[in-house]
Amino acid sequence: MFDDLSPNVAWALVGIYAILVVASVVTFALVRLLPGRNFHELVLRVQSWWVMVTLFSLAMVLSRRGALVFLGFVSFLALKEYLSLIPTRRTDRRVLLWAYLAIPVQYYWVAAERYGFFIIWVPVYMFLLLPAIMIVHSGTQGFLRAAGSLHWGLMACVFSLSHAAFLLVLPDSGNPVAGGAGWLLFLVFLTQANDVGQYLWGKALGRTKAAPEVSPGKTVEGFLGGLGTTTVLALAIAPLLTPFDWRFSAVAGLIIGFSGFIGDVTISAIKRDLGVKDSGSLLPGHGGILDRVDSLTYTAPLFFHYVYYFYY
Amino acid sequence: MMAFLRVCFFALVVRPVIWVAIGLNIRHRERLPRKGPAMVVANHNSHMDTLALMSLFPLAMLGRVHPVGAADYFADDTPLGWFARHMLGVLPLDREARARGEDPFVMCREPLRHDNILILFPEGTRGEPERLSTFKKGIAYLAAEYPDVPIVPVFLHGFGKVLPKGDWLPVPFFCDVFVGLPLPRAGSPDAFMAALMSRMTMLSAEGRFPAWE
């Protein structure tokens, strides 16, 4: 325990708990001061945040392996939610089991720091293997739809999300300030802060709908407010967690703010296509796990390659 | 000894599988009976149905929760039958009893008198996965005999995808458990069956289920 946790990462975690305390106090005050209004969902949301932050920081504090198992489990939950949401073929049951097995293998490459296999396991090997198994087990009826939708799910829930895990195993040489855990915390904190920022700015100033067809709640004002907040936050916390100077911090903030929005809207498009409001019910107040990691499916690989290109 | 084994089996195997590997989306959990005598009636797609419903009750109550299963399927001299009867507390129902003019629910009376909870699957068989088939009328006669015992309908979805009839390999999917309000009890057996079917249809309409062909 605490073996490879840098003091900077520990302070960042303390800071996140401080934010949670403030959020809980504000929620409590709102419930008290405005008894006429319904804050049930907000209360549930904040409660779920406590649970998520506690699980995440426990995983970070416990050990590197514990954190990888935790992130792999998040991939499993996301893929399971996706496969429960989309239409599947009865004959593909065994193929789906193979798709699940891709998760431990993908996170094994991360734990073993095998970048070469990590980066091609899903987009090359699973891409070629799963349709081949489908041909053996299932008919051709609906083949393209089944193979295509399964691969999309694996790419989003396993391949993309595992980039967050690979940040954790990047050597300290690239980030002498806070190591791999610093990269990961920077990414996850800013991605989630961006979601909250867009939501709050949208509530406060939202007028112009950004994507009325896909997600009526998204507004241009919310998007820009979130983008600005995320960039300012990136500038503020970069010295604690990363070797970024101010220019690199600002670009990182813009990448996370912009791509986080797209990730959010992409999962919304899937939900709209399938006619559901929430992807699940695992996180009271938020919806399902995909509703929470939707932005991360975009920010994780993009932030990873930004860091990997310039620092390794 | 069996009670201890049963608690271990549910705490170490059933709950991790049902709650973590599979995952439940439960609506109106507070409507489940907290004490007996009571009956839970559900649609039936998979062996998982029984385990999932039982996993919703506290471990300490397990000895007082009894699923009703087909006596011929869970015959006492097969390993499956032994396991079902002794570990899960399955009460064997003779599917041919009514044809012989006997009482098919004879084994339910003692547990109900001792405030147990029964789990019944009125479809009578797991049938086609994820399709609601007609409920058999026996439950209506049992309901008429025990007008004061609450009967709670539960709609299950997804367990037939996880483990369909005739397959042995479970595949994880999130599953839905929608609990209904206790059924109204005045009226004829036909009226009871109509109320039960319409309640199940209403519960199933609460969800939006993807195609599974």
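The values are calculated or read from the model by the stated rules, or taken from the named source; none is laboratory data. For clarity, every value in this text was computed on a predicted model and none was experimentally measured. FYI the Cβ positions are ideal-geometry reconstructions off the backbone, even for glycines, and counts take in every protein chain you see.
Sort through B:196, B:132 and tell me the only one that's of a type in the set (A, V, I, L, M, F, W, C) and at pLDDT below 90.
Working: B:196 fails: at pLDDT below 90.
Going through B:196, B:132 in turn, just one is of a type in the set (A, V, I, L, M, F, W, C) and at pLDDT below 90: B:132.
Flag: residue B:178 does not match the condition of being more than 16 Å from the chain's Cα centre (by Cα) and among the hydrophobic types (A, V, I, L, M, F, W, C).
Matching residues to (1) out of contact with any Ser or Thr (no Cβ under 6 Å at 6 or more places or on another chain); (2) surrounded by fewer than 19 Cβ atoms within 10 Å (Cβ to Cβ); (3) of a type in the set (A, V, I, L, M):
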residue: A:25; (1), (2), (3): yes, yes, yes
residue: A:30; (1), (2), (3): yes, yes, yes
residue: A:39; (1), (2), (3): yes, yes, no
residue: A:56; (1), (2), (3): yes, no, no
residue: A:62; (1), (2), (3): yes, yes, yes
residue: A:69; (1), (2), (3): yes, yes, yes
residue: A:75; (1), (2), (3): yes, no, no
residue: A:79; (1), (2), (3): yes, no, yes
residue: A:87; (1), (2), (3): yes, yes, no
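For region A:214-224, a residue qualifies if it is surrounded by fewer than 22 Cβ atoms within 10 Å (Cβ to Cβ), part of a helix (DSSP H, G or I) and of a type outside the set (A, V, I, L, M, F, W, C), and exactly one does: A:221.
Given region B:126-213, what helices (runs of 4 or more DSSP H) lie entirely inside it while holding 1 or more residues that are farther than 30 Å from residue A:98 by Cα and out of contact with any Lys or Arg (no Cβ under 7 Å at 6 or more places or on another chain)? Can you show your working first?
Details: elements: B:138-145, B:159-162, B:189-204.
Where helices (runs of 4 or more DSSP H) fall fully within region B:126-213 and carry at least 1 residues being farther than 30 Å from residue A:98 by Cα and out of contact with any Lys or Arg (no Cβ under 7 Å at 6 or more places or on another chain), they are B:138-145, B:189-204.
For region B:101-122, the set of residues classified as modelled with pLDDT under 85 and either over 22 Å from residue B:37 (Cβ atoms) or of a type in the set (Lys, Arg) (or both) consists of B:101, B:102, listed by residue number.
Is it the case, given these coordinates, that residue A:241 is out of contact with any strand residue (DSSP E or B) (no Cβ under 9 Å at 6 or more places or on another chain) and away from chain B (no Cβ under 14 Å)?
Values: out of contact with any strand residue (DSSP E or B) (no Cβ under 9 Å at 6 or more places or on another chain): yes; away from chain B (no Cβ under 14 Å): yes.
Yes; evaluated as a whole, the condition is true for this residue.
In region A:189-213, of all residues being more than 19 Å from residue A:269 (Cβ to Cβ) and of a type in the set (D, E, K, R), the one that is surrounded by the most Cβ atoms within 10 Å (Cβ to Cβ) corresponds to A:203.
From the list A:298, A:312, A:308, the one residue that fits, being hydroxyl-bearing (Ser, Thr, Tyr) and in contact with an Asp or Glu (Cβ under 9 Å, 6 or more places away or on another chain), is A:298. Can you find even one residue in region A:93-104 that is within 14 Å of another protein chain (Cβ to nearest Cβ), under 18 Å from the mean Cα position of the chain (by Cα), charged (D, E, K, R) and in a helix (DSSP H, G or I)? Among the residues of region A:93-104, not one is within 14 Å of another protein chain (Cβ to nearest Cβ), under 18 Å from the mean Cα position of the chain (by Cα), charged (D, E, K, R) and in a helix (DSSP H, G or I), which makes the answer no.
Number of residues in region A:41-51 that are aliphatic (A, V, I, L, M) and surrounded by fewer than 16 Cβ atoms within 10 Å (Cβ to Cβ) equals 2. Count of region A:70-90 residues, restricted to those that are modelled with pLDDT under 95 and β-branched (Val, Ile, Thr), is 2.
Output the number of residues of region B:107-141 satisfying the condition of being among the polar types (S, T, N, Q) and within 14 Å of chain A (Cβ to nearest Cβ). Give the derivation first.
So in region B:107-141, the residues among the polar types (S, T, N, Q) come out as B:116, B:125, B:133-134.
Next, from what is left, pick out any that are within 14 Å of chain A (Cβ to nearest Cβ): none.
Residues in region B:107-141 being among the polar types (S, T, N, Q) and within 14 Å of chain A (Cβ to nearest Cβ): 0 in total.
Going through B:185, B:199, B:208 one at a time, which residue ends up being farther than 21 Å from residue B:54 by Cα and within 14 Å of chain A (Cβ to nearest Cβ)? First the steps, then the outcome.
Values: B:185 fails: within 14 Å of chain A (Cβ to nearest Cβ); B:199 fails: within 14 Å of chain A (Cβ to nearest Cβ).
Exactly one of B:185, B:199, B:208 is farther than 21 Å from residue B:54 by Cα and within 14 Å of chain A (Cβ to nearest Cβ), namely B:208.
Of the residues in region A:111-119, at least one is part of a helix (DSSP H, G or I) and either surrounded by 21 or more Cβ atoms within 10 Å (Cβ to Cβ) or within 13 Å of chain B (Cβ to nearest Cβ) (or both). Residue B:99 meets all of the listed conditions (1) surrounded by fewer than 16 Cβ atoms within 10 Å (Cβ to Cβ); (2) within 15 Å of the chain's Cα centre (by Cα) but one, namely (2).
Examine region A:69-82 for a residue that is away from every other protein chain (no Cβ under 14 Å) and within 25 Å of residue A:190 (Cβ to Cβ), and state whether such a residue exists. Before the answer, list the steps.
In the first step, residues of region A:69-82 are kept if they are away from every other protein chain (no Cβ under 14 Å); the result is A:71.
Narrowing the set further to residues that are within 25 Å of residue A:190 (Cβ to Cβ) leaves A:71.
Taking every residue of region A:69-82 in turn, at least one turns out to be away from every other protein chain (no Cβ under 14 Å) and within 25 Å of residue A:190 (Cβ to Cβ).
With respect to the conditions (1) surrounded by fewer than 16 Cβ atoms within 10 Å (Cβ to Cβ); (2) modelled with pLDDT under 95; (3) out of contact with any helix residue (DSSP H, G or I) (no Cβ under 6 Å at 6 or more places or on another chain); (4) not β-branched (Val, Ile, Thr), residue A:93 lacks only one, and its number is (1).
For residue A:272, the conditions (1) within 14 Å of chain B (Cβ to nearest Cβ); (2) without any contact (Cβ under 8 Å) to a residue 24 or more places away in the chain are fulfilled apart from (2). Within region A:167-184, the set of residues being hydrophobic (A, V, I, L, M, F, W, C), assigned to a loop (DSSP other than H, G, I, E, B) and out of contact with any Gly (no Cβ under 7 Å at 6 or more places or on another chain) comprises A:177, A:178.
I'd like the full set of residues that are part of a loop (DSSP other than H, G, I, E, B) and within 11 Å of chain B (Cβ to nearest Cβ), limited to region A:275-312.
At the first step, the residues of region A:275-312 found to be part of a loop (DSSP other than H, G, I, E, B) are A:275-282, A:284-286, A:288, A:294-295, A:312.
Passing the criteria: A:275, A:276, A:277, A:278, A:279, A:280, A:281, A:282, A:288.
For region B:142-170, which positions are away from chain A (no Cβ under 11 Å) and surrounded by 15 or more Cβ atoms within 10 Å (Cβ to Cβ)? Passing the criteria: B:142, B:143, B:146, B:149, B:150, B:151, B:152, B:153, B:154, B:155, B:156, B:159.
Does region B:61-70 contain at least one residue that is of a type in the set (Gly, Ala, Ser) and at pLDDT below 85? First the steps, then the outcome.
Going residue by residue through region B:61-70, those that are of a type in the set (Gly, Ala, Ser) are B:63, B:69-70.
Keeping just the survivors that are at pLDDT below 85 gives none.
Checked against the condition, which is being of a type in the set (Gly, Ala, Ser) and at pLDDT below 85, region B:61-70 yields no hits at all.
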